[in-house]
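Reading through the structure tokens given below for one structure.
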Amino acid sequence: MRSGLVRVSGALLLGFSLVACSSGGDSAESGDAAAAKVNVSITPGGIWGIPVAVAEQEGYFEDAGLEVTVSPAPSGMGHNQLLASGVEDYGPSSPSQAFAAVQQGQDAVTSCGGSGPVPTAIIAPSGSTLPSTAKGASSADVLKALRGKTLGMPAAAGTGTSNLMVQTLASFGLGEGDYTLVNIGSGSTAQAALLAGQVDAAMAVTPTSETIVAKGNAVKLADLAEDLPNYQLLGAVWQSRKSWVEANPETAAQFCGAMEKAYAFMNDPANAEEVDKLIVDAVGPDTPADAVTTIRKNFAVLDAAVDQADFDRTVAALTSVGVLAPQPPVTYDAAVMIEQPAS
């Protein structure tokens, strides 16, 4: 493990050493001839700081000659805003935000891959009488049972996450007046909503679902990604400014190459103990061991490339629910720009 050239602003990962703080002024706007500095924004409490931490600790950034500054994404600001303001060069984003930015002609592109279909669960408070796949029900049975219920969501109405759920419920005969969707966020806020009885069930993705269930505060009713098309889409992508990637092709390539090595490290069973420590640092010291193990196994969906079949399915789904407009089309060539490091 090496201490590299990563600067961390804020407590993104408890195991990160704080080298310096930055407001984003180190970006290599003038091209690769300037210092090879990269600004990354990460939402605290999620998993996306983990591959960055791996790339730092294993020396992948140092080997690539990069100085990476990691800052917590400001609350209430999307990555499109952070990119436009110059605060970040890279940040993990939802496909709906990233692809909408491309369609609207913003200075944005996806780069360094992201994740394939992410495990997405419907969970309910412990003691719930709702059906579950563990008791022989299908995912369809679970969703049909939400008639007259309140379902917590990790995102607000009108987002891709919400619209896809509305469409999925409609496919099983539930109209919008047959249930109530409530934005309860993720992590501790989602857990609080479940414990307080504010919702009958909730949609949750990694690491929220594993953590809440392993703590005994909830039960899993169904894993939607196993058999429902709307949950077999891209889960997240690394987003960057298109102009920055074009101006700094070698720096971008080296960053993406370091991330690819980090993903490989995270998915090597020999590194399980080290990765588990980073998960605990990112998600919380009270994360149960069973949850940590499951979260680590879910890292198998991370990919430094963007699979075109997953991309095409995701664009089609987001278009069908009105997040993307039918025209102009969002094409793979326009939306995905992944530079390869020079050999």
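The values are calculated or read from the model by the stated rules, or taken from the named source; none is laboratory data. Nothing here was measured: the structure is a model prediction, and the numbers come from that model. We place every Cβ from the backbone using ideal geometry, glycine too, and count neighbours over all the protein chains shown. The protein model used for the area step is the full one, side chains on, heavy atoms only, and it has no ligands, DNA or RNA in it. Shrake-Rupley method; radii C 1.70, N 1.55, O 1.52, S 1.80 Å.
Worth pointing out:
- The stretch 55-83 - residue that is out of contact with any Lys or Arg (no Cβ under 8 Å at 6 or more places or on another chain) and among the hydrophobic types (A, V, I, L, M, F, W, C) and, of those, surrounded by the most Cβ atoms within 10 Å (Cβ to Cβ): Phe61
- Flag if Gly152 is of a type outside the set (A, V, I, L, M, F, W, C), crowded, with 20+ Cβ neighbours inside 10 Å and in contact with a Ser or Thr (Cβ under 6 Å, 6 or more places away or on another chain): no
- Within the stretch 295-322, considering residues that are part of a loop (DSSP other than H, G, I, E, B) and β-branched (Val, Ile, Thr), the one farthest from Cys256 (Cα to Cα): Val321
- Selection from the stretch 245-260 of residues that are over 22 Å from the mean Cα position of the chain (by Cα) and assigned to a helix (DSSP H, G or I): Glu246, Ala247, Pro249, Glu250, Thr251
- Filter result for Asp281 (open to solvent by less than 50 Å² (accessible area, probe 1.4 Å), closer than 30 Å to Gly216 by Cα, among the acidic types (Asp, Glu) and out of contact with any His (no Cβ under 9 Å at 6 or more places or on another chain)): yes
- Flag if Gly158 is free of Cβ contacts under 8 Å to residues at least 24 places away in the same chain, in a helix (DSSP H, G or I) and not β-branched (Val, Ile, Thr): no
- Pair list, Cβ under 9 Å, 6 or more apart: the stretch 187-199 residue over 12 Å from Asn217 (Cα atoms), other residue part of a loop (DSSP other than H, G, I, E, B) and small (Gly, Ala, Ser): Gly187/Gly45; Gly187/Gly46; Gly187/Gly284
- Condition met for Ala325 (out of contact with any Phe, Trp or Tyr (no Cβ under 6 Å at 6 or more places or on another chain), at pLDDT 95 or above and either in a helix (DSSP H, G or I) or under 22 Å from Ala55 (Cβ atoms) (or both)): no
- Test: residue in the stretch 83-90 that is under 16 Å from the mean Cα position of the chain (by Cα), assigned to a loop (DSSP other than H, G, I, E, B) and at pLDDT below 90: no
- Among the residues listed as Thr69, Thr120, the single one being touching a residue at least 12 places away in the same chain (Cβ under 8 Å), within 30 Å of Thr150 (Cβ to Cβ) and of a type in the set (Ser, Thr, Tyr): Thr120
- In this structure, Val219 does not qualify as open to solvent by 50 Å² or more (accessible area, probe 1.4 Å), without any contact (Cβ under 8 Å) to a residue 40 or more places away in the chain and either part of a strand (DSSP E or B) or in contact with a Cys (Cβ under 9 Å, 6 or more places away or on another chain) (or both).
- Here Asp276 clears all of (1) without any contact (Cβ under 8 Å) to a residue 40 or more places away in the chain; (2) closer than 18 Å to Val102 by Cβ; (3) within 20 Å of the chain's Cα centre (by Cα) except the condition numbered (2).
- Test: residue in the stretch 123-143 that is modelled with pLDDT under 90 and over 24 Å from the mean Cα position of the chain (by Cα): no
- Considering the conditions (1) modelled with pLDDT under 90; (2) closer than 24 Å to Lys37 by Cα, Gln254 is excluded by exactly one of them, (1).
- Which numbered condition Ile123 fails, given (1) within 25 Å of Glu226 (Cα to Cα); (2) in a strand (DSSP E or B); (3) in contact with an Asp or Glu (Cβ under 9 Å, 6 or more places away or on another chain): (3)
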